[in-house]
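Some notes on the structure that comes next.
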Ligand code: 13P
């Protein structure tokens with residue numbers, strides 16, 4: 001069986017994107033796996049710490065167990081998303097304990113998010129995680145730059161953020177970060193924002209984000225490893241597809257499928273109907289938005 005690292009390398013070479021679907025509610029696992037298999041696609045399922053602290057994913061063990069029930073390893077693998085060193089509420093997190101727990105459970109891929117630290121501290125925290133993960137054969141995603149949206153409260157106006165490039169990943173820092181941290185993939189800030197996770201904002205549609213593609217290209221050249229785009233819901237489609245040609249290998253998608261699940265559940269009070277809504281949204285994303293039907297034959301052939 002190919003490792004996540006090998007599949008990501010295949011995807012980077014073929015300029016094919018791997019979507020990573022977030023799981024804030026356990027019943028979302030099954031319809032996402034089924035949609036990916038039906039499209040003969042390859043995708044990751046992922047859970048972030050805030051999805052068990054602020055939503056209903058329960059725990060990383062609960063997600064692992066639910067994933068194992070429906071798992072189709074030729075088509076889907078599990079990833080641990082955002083384990084922050086400092087979280088969206090500015091609290092310190094015992095990230096190393098959580099990462100160790102994930103590795104012990106059998107997660108093949110983990111993320112440490114030191115993006116709220118200084119460059120040197122982010123490198124040190126990521127290196128620490130790499131030193132724990134690599135001997136266990138587990139790959140590590142890290143983050144450099146400020147991808148806003150998870151913090152409580154309103155964001156600065158999007159156009160102002162995008163035009164100023166404030167918080168975008170710096171090219172020289174990117175090269176140094178990859179060399180010194182030893183991470184396998186890197187989440188970069190190039191214009192996307194995370195969907196809100198608290199208050200009334202979490203139910204509202206996201207702004208249609210754009211991406212600075214020239215900046216992305218420079219980052220990809222500097223990094224030389226697969227790059228990751230967070231805040232993947234609702235990005236201007238031609239920007240997203242162009243970004244895949246310029247070095248984005250994995251795209252995280254949360255809000256879009258979470259809101260589909262929550263809206264259907266609110267309307268019907270029926271988990272099966274909410275699962276059907278997730279199935280349909282995931283199918284649309286794979287087939288019509290990312291155009292990934294059949295991508296599995298390219299990046300993880302049997
Ligand atoms: P969205 O919720 O904006 O799709 O972002 C998901 C994400 O980046 C999770 O890490």
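The values are calculated or read from the model by the stated rules, or taken from the named source; none is laboratory data. Every value quoted in this text rests on a predicted model; they were computed, and no experiment measured them. Positions of Cβ are backbone-derived with ideal geometry, glycine not excepted, and every protein chain shown enters the neighbour counts.
Tabulated data for the structure shown
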item: Test: residue 145 is at pLDDT below 95 and either farther than 30 Å from residue 293 by Cβ or surrounded by 15 or more Cβ atoms within 10 Å (Cβ to Cβ) (or both); result: no
item: Filtered residue count, segment 281-299, keeping only those that are assigned to a helix (DSSP H, G or I) and without any contact (Cβ under 8 Å) to a residue 60 or more places away in the chain; result: 4
item: Condition met for residue 62 (surrounded by 22 or more Cβ atoms within 10 Å (Cβ to Cβ), away from the ligand (no atom under 16 Å from the Cβ), in contact (Cβ under 8 Å) with a residue 12 or more places away in the chain and more than 26 Å from residue 148 (Cα to Cα)); result: no
item: Condition met for residue 79 (in a strand (DSSP E or B), in contact (Cβ under 8 Å) with a residue 60 or more places away in the chain and closer than 25 Å to residue 18 by Cα); result: yes
item: Filter result for residue 80 (over 30 Å from residue 292 (Cα atoms) and surrounded by 15 or more Cβ atoms within 10 Å (Cβ to Cβ)); result: no
item: Positions within segment 82-97 being out of contact with any strand residue (DSSP E or B) (no Cβ under 6 Å at 6 or more places or on another chain) and part of a helix (DSSP H, G or I), in sequence order; result: 96, 97
item: Yes/no for residue 292 being under 24 Å from residue 4 (Cα atoms) and surrounded by 22 or more Cβ atoms within 10 Å (Cβ to Cβ); result: yes
item: Selection from segment 20-43 of residues that are in contact with a strand residue (DSSP E or B) (Cβ under 6 Å, 6 or more places away or on another chain) and surrounded by fewer than 24 Cβ atoms within 10 Å (Cβ to Cβ); result: 25, 33
item: Candidates 229, 155 - the one that is surrounded by fewer than 21 Cβ atoms within 10 Å (Cβ to Cβ) and within 16 Å of the ligand (Cβ to nearest atom); result: 155
item: Filtered residue count, segment 61-79, keeping only those that are farther than 10 Å from residue 42 by Cα and in contact with a strand residue (DSSP E or B) (Cβ under 6 Å, 6 or more places away or on another chain); result: 4
item: Flag if residue 86 is surrounded by 17 or more Cβ atoms within 10 Å (Cβ to Cβ), at pLDDT 95 or above and out of contact with any helix residue (DSSP H, G or I) (no Cβ under 8 Å at 6 or more places or on another chain); result: yes
item: Matching option when the condition is within 10 Å of the ligand (Cβ to nearest atom), more than 20 Å from residue 177 (Cβ to Cβ) and modelled with pLDDT of 95 or more, among 256, 262; result: 256
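Matching residues to (1) touching a residue at least 40 places away in the same chain (Cβ under 8 Å); (2) within 19 Å of residue 5 (Cα to Cα); (3) in contact with a strand residue (DSSP E or B) (Cβ under 7 Å, 6 or more places away or on another chain); (4) not in a loop (DSSP other than H, G, I, E, B):
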site	(1), (2), (3), (4)
99	no, yes, yes, yes
110	no, yes, yes, yes
121	no, no, no, yes
125	yes, no, yes, yes
133	no, yes, yes, yes
142	yes, yes, yes, yes
159	no, no, no, yes
